[in-house]
Each structure stands twice: as structure tokens, then as C-alpha cells.
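So the structure is just underneath, and the comments pick up after that.
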Amino acid sequence: MNLYKECKYIVDEAVEQVGIDKDSLRDFIHQSCDSHEVSIYYHKAIEFCAEQNTSEGGQWLEDCESLIVQGDTFGSIACRIAFATLLVECERILAETIEELES
């Protein structure tokens, strides 16, 4: 998976669905990342984490103090890291998109 292309698709879909309201865009993007296959299927998440640079997603989780939760499995941690990695990249692309739309 190309992380940039996947996140650009999510952001473009968000703009198409909800317009340019920043809060609505962030909500849509959060839901899209949360329900993405790499965020819910262990195998997909583990594969995603092996292929992508997940350091920013891992840092985001550490900042939220939710990287590891008691009772986690390897797969659930991978899903959480994959979600955060998608979300961070989508937020970065969203900021660029909003800047372009406001210009």
C-alpha cells in the first residue's frame, strides 16, 4: 500500500462528503482511519506496520499515552499503530489540502 495515496484518497473523500468544515473533516477522517482494514484486521495491520514507517504513528500514540494497554496482543498493538499512522498522515495531507482550498 502506498501510504500517501491511501491517505490522499481518504482526505479527498472527506472533502467531497462533508465540504471544508475543519471539525467535520477531522471527524470523517478519524472514522475512516478507525474503520480502515489496517486498523481492524490483525494480519493487515501487521503487514502494514512491516511495510511502512510507523514512527510518527507510534509517537502520536505515546503522546496520547495509549501505545500499549494492559491485555494487548501483538495484533491489537499493530492495529493501533496502523490506525495512528494513517491518522497522522491524513492530518498532514488535510492541512495541505485546507491551505490549498483557502488560497
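Scanning the range 1-53 for residues that are of a type in the set (Gly, Ala, Ser) and in contact (Cβ under 8 Å) with a residue 40 or more places away in the chain, which turns out nearest to ALA84 (Cα to Cα)?
The initial filter retains those residues of the range 1-53 that are of a type in the set (Gly, Ala, Ser), namely 14, 19, 24, 32, 35, 39, 45, 50.
Among the residues that remain, those that are also in contact (Cβ under 8 Å) with a residue 40 or more places away in the chain are: 14, 32, 39.
Values: ALA14: 18, SER32: 12, SER39: 9 Å.
Once the filter is applied, the top-ranked residue is SER39.
Selection of the range 60-95 for residues being modelled with pLDDT under 95, of a type in the set (D, E, K, R) and over 18 Å from LYS44 (Cβ atoms) yields GLU62, ASP63, GLU65. Listed by first and then second residue, the pairs linking a residue in the range 82-101 that is aromatic (Phe, Trp, Tyr) to a residue that is at pLDDT 95 or above and part of a helix (DSSP H, G or I), with Cβ atoms under 6 Å apart and 6 or more places separating them unless they lie on different chains, are PHE83/CYS33; PHE83/SER39. Among the residues of the range 22-42, is any over 16 Å from the mean Cα position of the chain (by Cα) and either under 25 Å from ALA78 (Cβ atoms) or among the hydrophobic types (A, V, I, L, M, F, W, C) (or both)? Within the range 22-42, none of the residues are over 16 Å from the mean Cα position of the chain (by Cα) and either under 25 Å from ALA78 (Cβ atoms) or among the hydrophobic types (A, V, I, L, M, F, W, C) (or both).
The values are calculated or read from the model by the stated rules, or taken from the named source; none is laboratory data. Keep in mind the model is a prediction, meaning the values are calculated, not measured. Here the Cβ is made from the backbone with ideal geometry for all residues, glycine too, and neighbour counts use every protein chain on show.
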